[in-house]
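**Q** Let me give you the structure first, and then I'll get to my questions.
Since every read-out is calculated from the coordinates, none of them should be taken as a lab result. Quantities reported herein were computed from a predicted structural model and do not represent experimental measurements. A quick note on method: Cβ atoms are made from the backbone with ideal geometry, for glycine too, and the neighbour counts reach across all protein chains shown.
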Amino acid sequence: MMPETSRRKQRSFWVELPILLLVAVIVAVLVRTFLVQTFYIPSGSMETTLLINDRVLVNKMVYRFREPRRGEVVVFVPPKQWDAGPAKDDYIKRVVGVGGDNVVCCDSAGRITINGKVLEEDYLFEDDVPSAQPFDVSVPTGRLFVMGDHRSSSADSRYHTDYQFGTIPVDAVVGRAFVIFWPFSHVGTLSVPKGYEAIPAPSSGG
C-alpha cells in the first residue's frame with residue numbers, strides 16, 4: 001500500500017504540472033516576442049551566405065538600443081509598395097546603406113561605392129556582379145538601402161527606387177540575423193564582412 005506521503009507528492013506533481021507547462025509556454029512566447037525569433041530562408045536571394053531551407057536566429061532586442069549598421073543581415077517587413085505576397089511577409093537582406101549614405105553602382109570596374117569608397121564584396125554569389133542595374137541613391141535619414149548577396153536573384157532596394165529611393169524604414173526591421181543554427185552542416189555566425197570597415201561616414205545627413 002502506498003504511504004500517504006507518497007500519495008500527496010504524486011497529487012502535488014499532477015497539480016503543478018499544468019502550471020509548469022503554462023509558465024514554459026508564457027516564457028517561450030515572451031522570448032519569441034521580445035528577444036529571439038527563428039526565421040526560415042525560403043529563397044536563394046542571400047546565397048551563398050544563406051541557403052534555401054537554412055534556419056537563422058534573429059535578435060529582436062539589439063535595435064531597441066541602436067540602429068542597424070552597414071553589412072548586417074536583417075529581417076524586415078517590406079513596404080507594401082514592394083508588392084510582397086502573403087507568403088513573403090518578412091524579407092531577409094543585407095544592409096548596404098544607412099541614413100546619409102550615397103550608394104552608387106557602378107564605378108568603372110563594376111563595383112559599388114558608398115560615400116565615394118569602393119565596397120569590397122567577397123561574399124557575393126559566385127560569378128555574380130555587384131549589380132547589373134545601375135543606381136545612385138542618397139539614403140534618407142531613418143531609412144536603409146538593402147540588397148541580397150545573390151544579386152541576380154534578389155528583389156531588393158534596387159528594384160523599388162521609384163518609392164523612397166528603394167529604401168526601407170528602420171522601424172520596419174524585425175531584428176538582426178546573427179547565427180545559422182540549422183542544418184548542422186551550415187551552422188555559423190553572420191558577422192559583418194570586412195569590406196564595410198573601410199566605408200567612411202557620410203559627409204552630411206540624408
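**Q** For the charge dipole of the range 44-106, defined by +1 on Lys and Arg C-beta atoms and -1 on Asp and Glu C-beta atoms about the Cα centroid, which residue among PRO68, TRP82, LEU51 has the Cα displaced farthest towards the positive pole?
**A** The residue sitting most towards the positive pole is PRO68.
**Q** Using a simple charge model, +1 on the beta-carbon of Lys and Arg, -1 on the beta-carbon of Asp and Glu, nothing else, what dipole does the range 62-121 show about its Cα centre, in debye to the nearest 20?
**A** Dipole about the Cα centre, nearest 20: 160 debye.
**Q** Also, I was wondering about something else. Using bins 10 angstrom wide from zero, how does P(r) for the range 117-199 break down, in % of all Cα pairs?
**A** Calculated over all Cα pairs of the range 117-199, the distribution is 15, 39, 38, 7, 0 percent.
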